[in-house]
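Visitor: Below is one structure. I have some questions about it.
Bear in mind these aren't lab numbers, they're just calculated from the coordinates by the rules spelled out. Predicted model only: the values in this text are computed from it and were never measured. FYI the Cβ positions are ideal-geometry reconstructions off the backbone, even for glycines, and counts take in every protein chain you see.
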Amino acid sequence: MGEGDAWLAAVCSVHIIGAGLRQDRPAHQAFHDAGHFGYRMVPVHPKDAGNTLLGRPIRLHPWSDEEPELFVLFLSPERVMNQLRTWLLEGRTIPFIWLQPGAESDDVVGFLQSANIEHSIGRCWVVTVREGDIHCTNSIEGQKWYLQTTSLDGSECSIWRTFEFGTEHVLTEPLEWVGDYIDLRHSDETIPRYIRSLREDGESLEQAALRLAN
């Protein structure tokens with residue numbers, strides 16, 4: 001492990017932005033290549049959200065975590081710039097940005113520098129952790145995950161489901177929310193807040209989530 005990369009071992013959650021269902025994309029392959037290093041790797045792809053990538057639910061966006069740690073961007077420079085501007089306009093506190101090779105441009109780097117956002121350019125995160133054998137030292141991977149969709153039976157009722165980590169799922173109904181237990185505990189979005197409000201006396205959040213799915 002290079003001395004300058006030692007901090008990566010303390011990172012628990014890594015949002016892989018651009019990771020969807022297409023198996024020929026590097027962002028998808030990242031889960032095969034680095035999914036065993038103990039990181040809670042979170043795939044983010046708006047089009048494919050609600051499906052799974054190696055049993056991990058794909059998210060609509062990376063902001064279910066109130067304080068994300070690391071964004072690894074497998075996007076074009078134009079899309080990177082659009083995302084950064086959107087996040088700043090939304091008042092987000094942007095975490096460390098790791099630009100995968102091909103995601104950087106002079107405009108993007110200049111923007112990150114002017115906004116005082118910590119970042120990495122010119123290096124692949126997957127290669128860095130693999131070659132440095134950098135494992136997460138406080139792993140929180142393996143979380144159960146949850147899905148809420150809209151029924152297609154004409155009732156427009158919401159359907160809440162729970163899944164064990166590693167469970168594969170193909171989305172067949174309109175997505176309302178998806179996330180793992182970390183998201184369910186901490187997200188300020190409407191659906192996880194509502195689920196938290198339904199806990200009964202003496203009931204854990206995990207127990208409530210399971211009860212509501214039955």
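Visitor: Starting from the Cα of Asp188, step 7 Å toward the Cβ, then list every residue of the stretch 45-72 with an amide N under 16 Å from that point.
Guide: 62-69
Visitor: What ratio of Cα Rg to 2.2 N^0.38 Å holds for the stretch 145-213?
Guide: It is 1.10.
Visitor: Same structure again: Using only alpha-carbon positions, what ratio does the radius of gyration of the stretch 1-64 give when scaled by 2.2 N^0.38 Å?
Guide: Dividing the Cα Rg of the stretch 1-64 by 2.2 N^0.38 Å gives 1.15.
Visitor: May I pose another question? Per the Cauchy relation, a quarter of the hull surface: what is the mean projected area of the convex hull of the alpha carbons in the chain, in nm²?
Guide: Directional mean of the projected Cα hull area for the chain stands at 12.9 nm².
Visitor: Using a Förster radius of 25 Å, what is the FRET efficiency between Arg196 and Leu171 based on their Cβ-Cβ separation? Nearest 0.05, please.
Guide: Numbers: r = 24 Å, r/R0 = 0.95.
The pair Arg196/Leu171 has a calculated efficiency of 0.60.
Visitor: As I understand it, the dipole of the stretch 3-131 uses +1 on the Cβ of Lys and Arg and -1 on the Cβ of Asp and Glu, about the Cα centre. Which of Gly91, Val44, Cys12 lies farthest toward its positive end?
Guide: Toward the positive end, the furthest listed residue is Val44.
Visitor: Taking the Cβ of Met81 as the center, what net charge do the other residues with Cβ under 13 Å away carry, scoring Lys and Arg +1 and Asp and Glu -1?
Guide: -2
Visitor: Counting Lys and Arg as +1 and Asp and Glu as -1, each charge on the Cβ, what is the dipole of the stretch 59-170 about the Cα centre in debye, to the nearest 20?
Guide: Numbers: 8 positive and 17 negative charges, 15 e Å.
That gives a dipole near 80 debye.
Visitor: Rounding to the nearest 20 debye, state how big the charge dipole of the chain is about its Cα centre with +1 on each Lys and Arg Cβ and -1 on each Asp and Glu Cβ.
Guide: Roughly 220 debye, rounded to the nearest 20.
Visitor: Quick one: Cα centre-to-centre distance for the stretch 20-76 and the stretch 160-214, in angstrom?
Guide: The two parts, judged by their Cα centres, are 19 Å apart.
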